[in-house]
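Chemist: The structure that follows is given in the form of structure tokens.
The values are calculated or read from the model by the stated rules, or taken from the named source; none is laboratory data. Everything numeric in this text was worked out from a predicted model, so none of it was measured. Glycine gets a Cβ as well: all are built from the backbone with ideal geometry, and neighbour counts include every protein chain shown. Side chains are part of the model used for accessible areas, which takes the heavy atoms of the whole protein and leaves out ligands, DNA and RNA. Shrake-Rupley method; radii C 1.70, N 1.55, O 1.52, S 1.80 Å.
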Amino acid sequence: MSRTRSFSYDIVAAGHAHDAWPLLTEYSKHAALHPFIVNVEKLPTADGSLRSYRITDRLRLGPIPFRVRYLTDVLEVDAARVVTVARQRPRTIVKNETELVDEADGTVHARTTVTMTAPLLLFGYAFRQLRIAHEGLAVRLREEIERVAREGAEGGDQAA
């Protein structure tokens, strides 16, 4: 038996979608952004995906630290949408769907929906960890989007 559940969150950052989407699709950058990731290895692209990665997370269960490895595929990328899926044994799937909207006030609005399916016995712990990871990731992504946008603007000023 398995269970499926979703949650969503928003990031609003000074910048544009073109500042955000590379951060959402280049998992090699996630070791610095994701609170649990300790290693990202780029893999040959899997069928039907744009990019594929093997990722290692460091987690804790009470006082016991442990590592988990999973495969992540970037399935869809365009100026307004990013879709990824992560697969881990046993039978755990996490799908991220992010929509990016450039707002008139010079901010980018990223709306992410995360859906997890996992075996019932693992679901509670795994879903809690997933939420904790994405709470930390959201803060760091907003900061990084704004940093990239600032550097792009400063670089543009110097070229003028």
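Chemist: For ALA32, all conditions in the list (1) modelled with pLDDT under 95; (2) open to solvent by less than 80 Å² (accessible area, probe 1.4 Å); (3) part of a loop (DSSP other than H, G, I, E, B) hold save one; what is the number of the exception?
Modeler: Evaluating ALA32 over (1) modelled with pLDDT under 95; (2) open to solvent by less than 80 Å² (accessible area, probe 1.4 Å); (3) part of a loop (DSSP other than H, G, I, E, B) leaves (2) as the failure.
Chemist: Got a number for residues in segment 43-66 being within 25 Å of PHE127 (Cα to Cα), open to solvent by 30 Å² or more (accessible area, probe 1.4 Å) and part of a strand (DSSP E or B)?
Modeler: Residues flagged as within 25 Å of PHE127 (Cα to Cα), open to solvent by 30 Å² or more (accessible area, probe 1.4 Å) and part of a strand (DSSP E or B) within segment 43-66 amount to 8.
Chemist: Report yes if PHE66 is modelled with pLDDT of 95 or more, closer than 24 Å to SER2 by Cβ and touching a helix residue (DSSP H, G or I) at 6+ places or on another chain (Cβ under 6 Å), otherwise no.
Modeler: No.
Chemist: I'm checking my understanding of the structure. Among residues of segment 96-111 that are small (Gly, Ala, Ser) and not in a strand (DSSP E or B), which one is most open to solvent (accessible area, probe 1.4 Å)?
Modeler: Among those residues, the one meeting the criterion is ALA104.
Chemist: Sort out which residues of segment 1-28 are open to solvent by 80 Å² or more (accessible area, probe 1.4 Å) and either over 16 Å from GLU144 (Cβ atoms) or without any contact (Cβ under 8 Å) to a residue 40 or more places away in the chain (or both), and write them in order of number.
Modeler: MET1, ARG3, THR4, ARG5
Chemist: Sticking with this one: Quick one: which of VAL85, VAL114, VAL74 is surrounded by 12 or more Cβ atoms within 10 Å (Cβ to Cβ), in contact (Cβ under 8 Å) with a residue 60 or more places away in the chain and on the phi < 0 side of the Ramachandran plot? Full working, then the answer.
Modeler: Working: VAL85 fails: in contact (Cβ under 8 Å) with a residue 60 or more places away in the chain; VAL74 fails: in contact (Cβ under 8 Å) with a residue 60 or more places away in the chain.
The conditions single out VAL114.
Chemist: Going by the structure shown, is SER52 farther than 17 Å from GLU143 by Cα, touching a Pro at 6+ places or on another chain (Cβ under 8 Å) and without any contact (Cβ under 8 Å) to a residue 24 or more places away in the chain?
Modeler: yes
Chemist: Could you list all residues from segment 145-160 that are acidic (Asp, Glu) and either surrounded by fewer than 13 Cβ atoms within 10 Å (Cβ to Cβ) or at pLDDT below 95 (or both)?
Modeler: Once the filter is applied, which keeps residues that are acidic (Asp, Glu) and either surrounded by fewer than 13 Cβ atoms within 10 Å (Cβ to Cβ) or at pLDDT below 95 (or both), segment 145-160 yields GLU151, GLU154, ASP157.
Chemist: Sticking with this one: Which residues, taken from segment 117-129, are open to solvent by less than 80 Å² (accessible area, probe 1.4 Å) and aliphatic (A, V, I, L, M)?
Modeler: ALA118, LEU122, ALA126
Chemist: Return the only residue of ILE132, ILE93 being open to solvent by 70 Å² or more (accessible area, probe 1.4 Å), part of a helix (DSSP H, G or I) and closer than 27 Å to MET1 by Cβ.
Modeler: After ruling out the rest, the residue left standing is ILE132.
Chemist: Also, quick follow-up: For segment 77-90, which positions are assigned to a strand (DSSP E or B) and farther than 21 Å from ALA31 by Cα?
Modeler: Of all residues in segment 77-90, those assigned to a strand (DSSP E or B) come to 77-78, 81-88.
Within segment 77-90, ASP78, ARG81 qualify.
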